[in-house]
Amino acid sequence: MTGTLDTSGRATASVNALAGEIVDRLVAGAERYRLAVSRGSLGELLIDAGAKVAGGIDAGLLLTEICLGGLGKVTLSPAPGQKNWPFWLTVSSNDPVVACLASQYAGWSLSHEKFFALGSGPGRSLARKEALFQELPYKDSADRSTIVLEAGAPPPEAVVAKVANDCGVSPDKLAFIYAPTQSLAGSVQVVGRVLEVALHKAHELKFPLEHIVDGIATAPLSPPHPDFVTAMGRTNDAIIYSGRAHLFVRGSAAAAKELAEKLPSSTSRDYGRPFAEIFKAYKGDFYKIDPSLFSPAEAIVTAVETGETFRGGAIDEKLLEASFG
């Protein structure tokens, strides 16, 4: 089963099929990964990765790869020279537009009564309910699907039915994986969006997505916190103040240089305080925060057709310490 991209005519594998293989690994290793696996009222597969179970970093790494539709690699390794927070996540993809924007981006609003969550993962590319997909030629075809929720509870029956209908799969072929931001797995998968936010910012800057041919990004593993706002702030700060993204692009050197200069979070009017403080200052209204803040601290852009590399932004260790410490 294959999906289709892209304006260059390249075929891309099915993100739902690839992610499904990783889901099967989680289910088979549920005890090892400290997960709870069950079936819901409509037969949907439910995987608790951190709400009522411990979950963990390993589960978070696989959860991030599921979000990427199986088109990305996520690793955790020491970062030389980083004294206080030495372990960093690295996310790479040779198909970053599909992996990050058609799959990983948390853009599908799912709600029913008191339940609300943003859906992430490959199911989005089957449903294609978001305006973003009007600009993404990729459309998947698969008989199973997966949605990841940054939530502390499974979705209600009405949401399951809606997702199954919109994705065109039967509920028993649908998997929901959920973990709150305060959990280890939940915090890992949010920090694991460091490449995705670079792609999203590039899109907002009107850089041609078809010119982005490869990408890799890294950010420090944030320590979890039982308070939601604090936990959310730390995961965002890991990217905003210490994330580093390297994009490889076609096109002119001038366009690559401009992207490197405009991509970093420091271009935002809201840059300069821990995210939790910014969030509270806007009284918890995400939509009042300058969208350009959501990007890596440092950008490296290589123009593959000229061999030139350009840089913008810088890591801010003091602000990271203010958040993590």
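The values are calculated or read from the model by the stated rules, or taken from the named source; none is laboratory data. Because the structure is predicted, anything quoted here is derived from the model rather than measured. Glycine gets a Cβ as well: all are built from the backbone with ideal geometry, and neighbour counts include every protein chain shown. These area figures cover heavy atoms from the full protein model, side chains too; ligands, DNA and RNA do not enter into them. Shrake-Rupley method; radii C 1.70, N 1.55, O 1.52, S 1.80 Å.
Couple of notes before you dig in:
- Debye log10 I(q)/I(0) for the stretch 231-325, one point scatterer per Cα, at q = 0.19 Å⁻¹: -0.81
- Point-to-point label distance, residue 28-residue 13, nm (Cα→Cβ direction, 7 Å offset): 1.5 nm
- Extension gain, residue 52-residue 109: 0.36 nm per intervening residue step, less the Cα-Cα distance, totals 18.2 nm.
- The length gained on full extension between residue 258 and residue 170, counted as 0.36 nm times the residue separation minus their Cα-Cα distance, comes to 27.1 nm.
- Probing with 1.4 Å while keeping every protein chain in the model, the per residue accessible area of the chain equals 41 Å².
- Rounded Å value of the spacing that divides the Cα centres of the stretch 292-325 and the stretch 80-148: 21 Å
- Subset of 114/162; 73/201; 129/173; 114/206; 206/318 violating a 26 Å alpha-carbon distance limit: 114/206; 206/318
- Translational diffusion coefficient (Stokes-Einstein; Kirkwood radius from C-alpha pairs) of the stretch 103-226 at 10 °C, 1.306 mPa s, in µm²/s: 101 µm²/s
- The Cα atoms of the chain define a convex hull whose projected area, averaged across directions, is 15.4 nm².
- For the stretch 167-320, convex hull of alpha carbons as volume per residue, Å³: 137 Å³
- Electrostatic dipole magnitude of the stretch 57-139 [Cβ: Lys, Arg +1; Asp, Glu -1; Cα centre; debye, to 20]: 60 debye
- On full extension, the segment bounded by residue 77 and residue 38 gains 10.8 nm, given 0.36 nm per residue less the C-alpha separation.
- Rg over Rh for the stretch 1-134 works out to 1.00, using Cα positions for both radii and the Kirkwood form for Rh.
- In this calculation the C-beta distance from residue 283 to residue 311 is compared with R0 = 41 Å, giving a FRET efficiency of 0.70.
- For residue 141 and residue 84, a Förster radius of 41 Å and the Cβ-Cβ distance give a FRET efficiency of 0.30, rounded to the nearest 0.05.
- Rounded to 0.05, the FRET efficiency of the residue 214 and residue 132 pair, given R0 = 30 Å and the Cβ-Cβ distance, is 0.90.
- Accessible-area composition of the stretch 174-241, carbon plus sulfur, in percent [1.4 Å probe]: 60 percent
- Excluding same-chain neighbours fewer than eight residues apart, the aspartates and glutamates reachable from residue 288 by a Cα-Cα span under 12 Å are 270.
- When the helices of the chain are scored as -39500 (n - 2.57) per DSSP H run of n ≥ 4 and the total is divided over every residue, the value at 222 nm lands at -9000 deg cm²/dmol.
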